[in-house]
Structure formats: C-alpha cells, structure tokens
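See structure below.
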Amino acid sequence: MNHKKIGIYIHIPFCVRKCNYCDFNSFDTDLETKINYINALCAEILEYAHIFGDYSVDTVFIGGGTPSILPVELTRQFMDCLFKNFNIDTNAEISMEANPGTLDLNKIKTYKELGINRISLGLQSTVSKELKVLGRIHDYETFLDSFRMLREAGFKNINIDLMNGIPEQTYDSFIKGLKMIKELNPEHISIYSLIVEEGTPFYNQKLNLPDEDEERKMVHSIPLILGDEYHQYEISNYSKKGFECRHNIKYWRREEYLGLGLSAASFINETRFKNTDNIRDYISLFKKSGSSDIIKDLIDGKLTTKENPKFYDNNIRFSEFEHLSNDDKMSEYMFLGLRMNEGICISEFEKTFGISIYQKYGDKINLHIGEGLLDIYEDHLFLTEKGRDLANYVWSDFVGD
Amino acid sequence: MTDQSKIRNFCIVAHIDHGKSTLADRIIESTGLLTSREMQAQVLDNMDLERERGITIKSQAVRTVYKAKDGNEYIFNLIDTPGHVDFNYEVSRSLAACDGAILVVDAAQGIEAQTLANVYLALDHNLDVFPVINKIDLPSADPQRVIDEIEDVIGLEAQDAPLISAKNGIGIDEVLEAIVHKIPAPKGDPNAPLKALIFDSIYDSYKGVIVFCRLMDGKISKGTNVLMMATKASFEVVEVGTFGAGQFFPCDELSAGMVGYFTASIKNVRDTAVGDTVTEAKNPCKEPLPGYKKVLSMVYCGVYPADGAKYPDLRDALEKLQLNDASLNYEPETSIALGFGFRCGFLGLLHLEIVQERLEREYNLDLVTTAPGVVYHVYTTDGEMIELTNPSNLPDPSTIDYMEEPIVSAEIMVTTEFIGSIMELCQERRGRYLGMEYMEETRALLKYELPLNEIIYDFFDALKSRSKGYASFDYDLKGYEKSELIKLDILVNHEEVDALSFIVHKDTAYERGRKMCEKLKEEIPRHLFEIPIQAAVGGKIIARETVKAYRKDVLAKCYGGDITRKKKLLEKQKEGKKRMRQIGNVEIPQAAFMSVLKLDDKK
C-alpha cells in the first residue's frame, strides 16, 4: 500500500444567491442540475480512484459556493462515494463550508454522521446593515442558531469567516463584532479584507468603504482583541493551538491535493491543473468515463496536453494544465510560504532546491528587509506586520522574470 | 534616347484627405502597367505605417506608360510628395523634380490650409498647375462653389477642371488627357554636362543607397563617375533604371528630362542629401541646382531603452533607421534618471512619432522618450552662442546673457464660428497676431507668429478639439527671437529628475509647473512612503503635490488552492513594476516622462 498523503478539495458551485463581492464560480440552479452535478462528481471520484485510490487522504475540504445548500441526500451520495473509493485516514480533517440560513438540525446531524468534523461558517459580519450591503441572506441571529446547533451536535472544530473593509463598516463596528465572536469561543477565525473585483456587482457601485487607514487599524487590532487564546498562523487566519486548518496549510506548503468538481484546482507531481469552468461541459464529460489512464499519463508527463486536445485545448476537461519548472517551484515556495506567519525555513529551501535562498533571491530579500517588510529569525524568513499589509508588493517580486 | 516631348513629370498636391493617393492609384491603374488584381489598396504608400496613418512619409515615384487619344504613348513620371508640414523641404525638392502639378480639391470641403500652402509651393517652383475637383459624388459636393473658390483665392483657371471621383473611377480619362495637354514636356539638354536633382534616396541592403533623381541635363549610365556637388562625395554608377510601382526596372541609360534611379555601392544616405545636384566628376556642370538646404532638426527629445541592457540594440536600430532617413540625428547622452540613451533630432513631432513607432515595432524595443523640445540659442555673457537641445545642459543662469527661441509663421484656416476660440488658443500659446483674410463668407485664414516650442506639444490636438476638427494648419520656420525663457525642474521625492526638466517662457512657468505636478501625481503610483512632487525654477519651489503612501496591498483570499490564478495576479503586478524607472527610491512609470505633452485641459 502506498503511504503517500494527499488532500482532497471538493467544489460545490451552488448558492442561494450570489453575494455582491463574489467573483468565484458559483450560482443558483435547479434541483435537476444539482443531481446531475453530484452524479458527475461521483464519476470523477471513481475515475481518480483508479489513479490515487491507494493514497492516504489526510484532509478533505468541501468548499463552494455554499456546500450546505445541497439536499442532504446529495451530500450523502458523494461522501459515501468518496469514502468507498479513497483511503480516508481515521483522523483526517474533513471540513465543510456552510452558510447560516442553509442549516438545520437534520443536515447537521447527517454531516456529523458522514464523517465531517470541521465546519466553516460564513458569517462575514455581525451587523445587519453590513450583511445587507454584502448581499448575504442571513442575519446575526440565524448565525447564532446555526452555531449553537453545531455545538449541540458535537462539532468541536468550527471556523467563523469574517470580513473587514466592507461597505458601511467602521472600526468600532468591526471591533465590537470581533469581540462578540470571541465570546462564542470558536476554534478558528478567518478574517479577509474585502477586495472589490472587476466583474462583481460591487465593481460598478459607489460604496461607502472605510478608508485605508481605518481598514488597516482594524486589521492591526485583531491580535489585541483575540489575545493569547488565538494565534495568527497565516495572513488571514487565526486559531487556537492545534486547530490550524491542515488542508489550507497544504496549499501554502506545496503539498499535494486533488481538486474535484467544477473549476477545482489540483496540485500533484509538481503539476497544476484545473477543471473546466463550464458546468454543462463538466456534467457531460462524466457521463462517459474511462479517461483515468490518459490523465495519469498527463500528470506523469508521459503525454502532453497538446497530444490530447480534448483535455486541454478546447477547454473541455481542463482549463489549465501546467508542469512546473524549477523556477516556478522556487517562486511558489516563496510567495506561498510567506503567507504563513512562521514563514519559510531557510535551510529547508536549500535542501529542497539545492541552492541557497540568498543565491536565488538575496537582492530581493535584502531590499524588503531594508523596507521593514521581511525579517529573519533563526532559520526563518517571514513577513513583518507591515509586510503583511503589503504582502502582494513583496510576493510579486518572487514571481515571473 | 527617349523623346522628351513624350515625357510628363508631375506630382499631385492636395490637402490631407482630399484624395491624392487615391487619384495616384487610379492613374497608375488606368495607364495599364498594373492589373487591378495587383493593385493593393494604395499602391504608392507602401509602408504599413503610412497606410495606417493615411499619409505619405517618403517621396516615391512611379513611371507608367499612357496611350493618349492622339495615338502617341507618353511616359508619366508621377512623383509622390510627403503630405505634412514636418517634411516641407522634402516636398519642395520633389516639386523641383517636376514640370507640373495636379491640384486636387475636395468638392465638398474646398480649399484648405494645406491646399494653399502646397499650391503656392508648386507655383514658387514654376510648375504649371491644373486643378481637378474630387469627390463629386458626395452628397455634400458643390463643385461650382469650389471652382469659383479656386479662381478667386488662388487665381487658377478652373472652369474646365475635370470633375472626378477618384474613389469610384469617375473622370479619370479626362485627368490623363489633361496631364498630356496641360503639363509641359521637359526641355533639358541631353548633350550638356550631367545635372540631376536628388529628390529622395533609400537604403537597400544589397545595392546600397538607391538614389532617386530627375535629370535636368546630360546622361547617366553604368560606369559614370558621379559627384554630389554639396556633399562632395563621388561614386561610380553600378546600375540605372526607372520606377515601377514599388519596383525598380534597370535600363541602360537615363537622359535629360527623365526621372529614375541609380545605385553606386553607396553606404549611407547622408552622402546623397535630398536637394543635392549630381554631376559627372570629370565634366561637371557649372552651377548646382538652386534650393539645396542642409536639413535641420527642429525637435529634439531623449530616447532611452526601457530596459537599460537594450542600449546596444537601440544604437543599432537608430543606425539602421538613419541609413534610410537622413533627417534623423542622434547622439549618445546620459540621464541620471534614465541611464544611457540618445538625444535625437527630428523634423517635427510627426517625424518623431514615426521614428519612435518604427523603433518599437520594427526593432521590438520598449522605449522611454522624454518630452520633446526645440533648439534654443543660448548667448553667454562671454559672447558665445550655444545651441541647446537638452534642457539639462542649460548653463548656470548667471553666465547667460540672453536666450533665443525659434519662431514659426503659421497659417490656420478655420470656419468663422471658431475664430474666437482659435485666436484664444494662439494667444495662450504666446502667438503674435499678424492678420486675417476671409476666403469666403464662412472661412478665414488666420496668420500668426508662434514660438515653435508652443506648438510641438499638443497644439495640433488642441486646435482640432477647439474647432471640432474644422481648422487646418500649416507652418514655416521664420527664425529666432529673443525670449525670456527659464528652465523648469521637477523634483520627485526631493530629487531632481533631469529627464523631466523643460524650458518654458517665464510667464507660463507657474501654470505649467502646477499642471505638471498634478499630472505626475496621477502617473506616479503610491509607494511605501509619501512622495512630494515639486516644480522648481532656479531652486525655488513654485508648485507642489503629494502622492500619499500606500498602506495596503494585499489580496489574501485564495479559493480552493487555485495557486495559478494567484500567481497570474502577482505576475501582472510585477509587469506593471517593470515599466517603471527607478529615481532614487521612487518608481516612475514610463508614461510620466511624456505627460508634459498632455497639459492642455480645455479638451
């Protein structure tokens, strides 16, 4: 038996309604499409089981969209399929995203039964006015009900998603909300800064956004509010000790994961590939199956996507497929590793790539240390607090050329 | 020897867009040397750039054969002339190679500023000019009004002018017959010493320079030892021939009255200056042809590679371009802000843009160009005169006695409703009003003297926008005049950026400095620290803006491990950074160096 570890991401692209800031692949649809989608997803699970069936799966992350919108029978269908065809570790972290307003006791109990042991609740804000502007369907009371139900059902690992820098938000409203959340004592808190993306309803609206100074003041206050009980381990993530999200850490540590479902991204054998963004293509693809050999050869580099236009050029199966060069690997190592508060292990870089980090990136590292954005402590290179404010500026120096 | 009475050497003059190139196409097509299938849309303009901009940059010539109604075959040499004021001298030399000219006037628009400028230029060269009225099939055409206008304003007989539509092939036969009857045959002496006018030349990597010339007297053939009378260069002729459309047809000999080319393994177009006279070395003609002028660059700017490592590539590209473009000057210079580059001299702003585009397009170079300036005459207290092409080289003010700037006489033709706003524009640009003539009730010709440095920036754009596109413009260098000029310096984060300095009149310095700071504030991205942008005259700050420090640049979310998407975003951000120049610790985007060009806010 193969003891290689792998994470699995499963994408559920459905929502009750799309939020005003969301630029991800998610939408509302009818029940029939959901059924067809889950059937296709199961076919994809089966196909990959031929290739990765003997890996040991130590994390699963079911993301969206809103996975909790699915009728619970459909959730059961793909979870059963997953457990039947993959080796899921007994102590695997199995997370699912859920939105307040889509949960009920029956669903929650079923999730528990299906092996899901971590729930990520998309709250975003505790203030009704702010939730309304974001286009969220729930209010704070609904969230509280969901949270209590989860606790009662025995969920001992819960994340709460918050946002800062959203329209109508003030420093005071943010801090007050964060204190309320801390009172609830969740194991994990994610706090993302709102980015107004092109193509979202927000992009063309006049928004009453907090100014940059106020927005940064909010972010800088987070550790003070959360205190010693929580620690920041990643640019947007805070948790109690031992409750860091193991699946997400795989992304930043460049460990392998398989993405299943619409537009899901995978990283295996130093190859990044991403499923089609088109749900009709996705569903029709898995009505006929039997391409696992070809995919395996593609990942192993025995075949190229050019020889198999069906898989790439027409964007039918994969919208992206890329074998990483050595430079790509080092670049990713930097800009992904620097997301973590502990940063990059300098000796490990050299061990991994056979070249010292200074030889490769010395100028850039020194420049940003000089600017007070990077720092070194013992064997680790990491972003300072100011560096985390300007992370893109630092990261972008480690890509391309 | 070709019978001179059967040769017609002519050109077509017109205001831009009145249909010069289209008529040339029709003439070439109708004379049968080319089949319709071979015709590209516009045969004469064979550079891509020209086709895109709809203007002719280099002079060209075509030789076609026309079988006239009298039964004789006539050789037509159609010499195409550039159509922009930047190239006035080239136009004048092309005209000098002709015996007559066709004046094309748009049946709807009538006479425009360049119509007048070009027709007067043709008449100055003693050419016989006959008009044709083009675009008669336009709904707004009013041929009789235009005919009357030609007679009233220019004084040319126009009642029997062919009424044509070059685009739709109407009336072309009439034009061909008129060429035979109204353009005089050349009257040179084939037995006199060789006397030929160079009206253009191009560089060919196999044959060397191909010299375009009009033989006034004498003959030239393979083996002739020729002497260029102005440049004193002499060569042995390798090949002579005539012009197809974009092709060269070798022949045995060219003789008086003919238009053709010769090659002589010449390495550089500088030896074959436009307007120079070619004669035979051992039997020279007594006097060169009149009108030769050394070409002067009117506009200068710094040209730098965006990537400093590409400096040798830029030098090679300029060298190659210069082989074909004798009016392009360049010499190396260094800028603290931009590193190693060249100070380049051009005939005008259009010429500058064309060279810049060719460097970027044909030589694949990414360039940073500084704001263009003119040549100032700086008189120092010890009586010396310095020709200043780079503002950074201005001597210490205490050693300057006075300065002079180039002045042009400009003619602007405009419909009467816009006279007010155009006069206002000329006033703002320090223009000196000379007078106004009414062409007809609704149109007037405004005459101004303007400092050249006020029109090389955005004058043309401003003119067009303030007249809703109806004004047309022509100018000629008049000379130099004393002026109160000062150097405006720009400081970014307290460091002077030499490439952003420019010379202005003292009355407009404050206004320019203020606008420049505002513009730069828009162009310079936010940094980790606050950046003051200041305009200074002689160390005194006259305007200031501040680029606030940025506090936040983070896009943390990363759905479902889609690292590729994240990477693409970071790459895009990095691309943006590459297009910047580092000044001290401030990154300035390339566009900022041109921003001084776009300060007219009345658009």
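The values are calculated or read from the model by the stated rules, or taken from the named source; none is laboratory data. What you are looking at is a predicted structure, and each value in this text was computed from that prediction instead of being measured. Methodologically, a virtual Cβ is constructed for each residue, glycine included, from the backbone with ideal geometry; neighbour enumeration extends over all protein chains shown.
Look at segment A:185-207 and say how many of its residues are in a helix (DSSP H, G or I), of a type outside the set (Phe, Trp, Tyr) and touching a residue at least 40 places away in the same chain (Cβ under 8 Å).
Residues in segment A:185-207 being in a helix (DSSP H, G or I), of a type outside the set (Phe, Trp, Tyr) and touching a residue at least 40 places away in the same chain (Cβ under 8 Å): 1 in total.
Looking at segment B:144-151, can you tell me whether even one residue there is basic (Lys, Arg) and at negative phi?
Yes, there is a match, as at least one residue in segment B:144-151 is basic (Lys, Arg) and at negative phi.
Across segment A:377-395, what is the number of residues that are within 14 Å of another protein chain (Cβ to nearest Cβ) and farther than 18 Å from B:Leu570 by Cβ?
Here the count works out to 3.
Look at segment A:299-339 and say how many of its residues are in a helix (DSSP H, G or I) and either hydrophobic (A, V, I, L, M, F, W, C) or at pLDDT below 90 (or both).
Of the residues in segment A:299-339, 9 are in a helix (DSSP H, G or I) and either hydrophobic (A, V, I, L, M, F, W, C) or at pLDDT below 90 (or both).
From B:Glu360, B:Glu331, grab the single residue that is acidic (Asp, Glu), within 19 Å of the chain's Cα centre (by Cα) and either over 22 Å from B:Ser501 (Cβ atoms) or in a strand (DSSP E or B) (or both).
Just a single option satisfies the conditions, and that option is B:Glu360.
Does A:Arg253 fit the bill of being more than 10 Å from chain B (Cβ to nearest Cβ) and farther than 22 Å from A:Leu82 by Cα?
It is true that A:Arg253 is more than 10 Å from chain B (Cβ to nearest Cβ) and farther than 22 Å from A:Leu82 by Cα.
Given (1) more than 8 Å from chain A (Cβ to nearest Cβ); (2) out of contact with any helix residue (DSSP H, G or I) (no Cβ under 6 Å at 6 or more places or on another chain); (3) among the β-branched types (Val, Ile, Thr), where does B:Ile503 come up short, assuming only one miss?
Tallying (1) more than 8 Å from chain A (Cβ to nearest Cβ); (2) out of contact with any helix residue (DSSP H, G or I) (no Cβ under 6 Å at 6 or more places or on another chain); (3) among the β-branched types (Val, Ile, Thr), B:Ile503 fails exactly one: (2).
Output the qualifying pairs, or none if there are none: Cβ atoms under 9 angstrom, residues six or more apart or on different chains, first residue in segment B:144-171 and touching a residue at least 12 places away in the same chain (Cβ under 8 Å) and within 12 Å of B:Asn134 (Cα to Cα), second residue among the acidic types (Asp, Glu) and part of a helix (DSSP H, G or I).
Final answer for the pair search is B:Pro162/B:Asp173; B:Pro162/B:Glu174; B:Pro162/B:Glu177; B:Leu163/B:Glu174; B:Ile164/B:Glu174; B:Ala166/B:Asp25; B:Gly169/B:Glu29.
Within segment B:111-128, is there a residue that is under 29 Å from B:Arg214 (Cα atoms), touching a residue at least 40 places away in the same chain (Cβ under 8 Å) and assigned to a strand (DSSP E or B)?
So far as segment B:111-128 goes, yes, one or more of its residues are under 29 Å from B:Arg214 (Cα atoms), touching a residue at least 40 places away in the same chain (Cβ under 8 Å) and assigned to a strand (DSSP E or B).
Just checking, does segment A:132-139 include any residue being under 20 Å from A:Ile222 (Cα atoms) and in contact with a Ser or Thr (Cβ under 7 Å, 6 or more places away or on another chain)?
no
Quick check on my filter: what residues within segment A:338-376 are within 14 Å of chain B (Cβ to nearest Cβ), touching a Leu at 6+ places or on another chain (Cβ under 8 Å) and without any contact (Cβ under 8 Å) to a residue 40 or more places away in the chain?
Within segment A:338-376, A:His368, A:Glu371, A:Leu373, A:Leu374 meet the criteria.
Would you pick out the residues in segment A:360-377 that are in a helix (DSSP H, G or I) and not polar (S, T, N, Q)?
Listed by number, the residues that qualify are A:Lys360, A:Tyr361, A:Gly362, A:Asp363, A:Lys364, A:Ile365, A:Leu367, A:His368, A:Ile369, A:Gly370.
Is it the case that segment B:523-536 has a residue that's charged (D, E, K, R) and either closer than 30 Å to A:Ile10 by Cα or more than 14 Å from chain A (Cβ to nearest Cβ) (or both)?
There is at least one residue in segment B:523-536 that is charged (D, E, K, R) and either closer than 30 Å to A:Ile10 by Cα or more than 14 Å from chain A (Cβ to nearest Cβ) (or both).
Among the residues of segment A:50-76 satisfying the criterion of being farther than 27 Å from A:Cys19 by Cα and either among the polar types (S, T, N, Q) or touching a Cys at 6+ places or on another chain (Cβ under 9 Å) (or both), which is nearest to the other protein chains (Cβ to nearest Cβ)?
Among those residues, the one meeting the criterion is A:Thr59.
Could you tell me which residue of segment A:196-222 is farthest from the other protein chains (Cβ to nearest Cβ), considering only residues that are loosely packed, with under 15 Cβ neighbours inside 10 Å and under 22 Å from the mean Cα position of the chain (by Cα)?
Out of the qualifying residues, it is A:Gly199.
Could you please let me know if A:Ser263 is farther than 30 Å from A:Lys34 by Cα and touching a strand residue (DSSP E or B) at 6+ places or on another chain (Cβ under 7 Å)?
No, not satisfied.
Which number in (1) more than 20 Å from the chain's Cα centre (by Cα); (2) surrounded by 16 or more Cβ atoms within 10 Å (Cβ to Cβ); (3) in a helix (DSSP H, G or I) marks the one condition that B:Glu417 misses?
Among (1) more than 20 Å from the chain's Cα centre (by Cα); (2) surrounded by 16 or more Cβ atoms within 10 Å (Cβ to Cβ); (3) in a helix (DSSP H, G or I), B:Glu417 violates only (2).
Buried (at least 22 other Cβ atoms within 10 Å of the Cβ) and either within 13 Å of chain B (Cβ to nearest Cβ) or not in a helix (DSSP H, G or I) (or both): is that true of A:Gly242 in this structure?
So A:Gly242 fails the test.
Considering each of A:Ile116, A:Ile166, A:Ile225 in turn, give the residue that is outside the structural domain of A:Asp389 (by TED's automatic domain parsing), at pLDDT 95 or above and buried (at least 20 other Cβ atoms within 10 Å of the Cβ).
One residue alone meets the criteria, A:Ile116.
Quick check: anything in segment A:271-280 facing chain B (nearest Cβ under 10 Å), buried (at least 16 other Cβ atoms within 10 Å of the Cβ) and closer than 30 Å to A:Gly177 by Cα?
No: zero hits.
Can you tell me which residue is nearest to A:Met340 (Cα to Cα) among those in segment A:382-399 that are part of a loop (DSSP other than H, G, I, E, B) and out of contact with any strand residue (DSSP E or B) (no Cβ under 8 Å at 6 or more places or on another chain)?
A:Leu390
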